[in-house]
Amino acid sequence: MKVSELAGDENTLTCRTYVIPNESHTLGNALKTIINSYDDVQFCGYTVPHPAESKMLFRIQSQGTPALEILKRGLKDLEKVCDHTINLFEKNVKEFNKT
């Protein structure tokens with residue numbers, strides 16, 4: 001995933017808007033939910049500017065932690081949630097097939 005920053009955020013590391021190409025509400029909503037649970041986050045939100053544009057704008061504002069660090073932590077935590085979900089699903093499928 002190639003992420004770039006939106007112009008205008010150069011003056012601070014704690015408030016940034018990232019442009020994430022080829023992503024939509026599927027990633028945006030899940031990632032926003034995880035990041036909003038962090039104590040050091042003041043605001044986190046996203047938008048998909050237009051259905052014809054294949055990009056998502058993702059905004060993070062924190063109380064001191066660099067926004068990029070929060071974004072990376074959120075992506076890692078989302079990956080853990082997905083891995084856990086897959087493992088539970090596969091376990092339950094195996095148990096179901098035994099009966």
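Values quoted throughout were computed directly from the atomic coordinates according to the rules given, and no laboratory measurement underlies them. Note that the structure is a prediction, hence the values are computed from the model and not measured. Cβ atoms come from the backbone with ideal geometry, glycine included; neighbour counts cover every protein chain shown.
Checking each residue in the range 28-48 for being closer than 15 Å to residue 3 by Cα and in contact (Cβ under 8 Å) with a residue 40 or more places away in the chain picks out only 31. Reported count of residues in the range 1-38, each being in a loop (DSSP other than H, G, I, E, B) and either within 13 Å of residue 67 (Cα to Cα) or not acidic (Asp, Glu) (or both), is 16.
Scanning the range 52-75 for residues that are assigned to a loop (DSSP other than H, G, I, E, B) and closer than 13 Å to residue 39 by Cα gives 63, 64, 65.
Of all residue pairs spaced 6 or more apart or on separate chains, those with beta-carbon atoms under 8 Å, a first member in the range 49-69 that is closer than 14 Å to residue 25 by Cα and a second member that is hydrophobic (A, V, I, L, M, F, W, C) and part of a loop (DSSP other than H, G, I, E, B) are 55/48; 56/48; 57/6; 57/48. When the residues of the range 38-74 are filtered to those that are loosely packed, with under 15 Cβ neighbours inside 10 Å and of a type in the set (D, E, K, R), the one that is nearest to the chain's Cα centre (by Cα) is 72.
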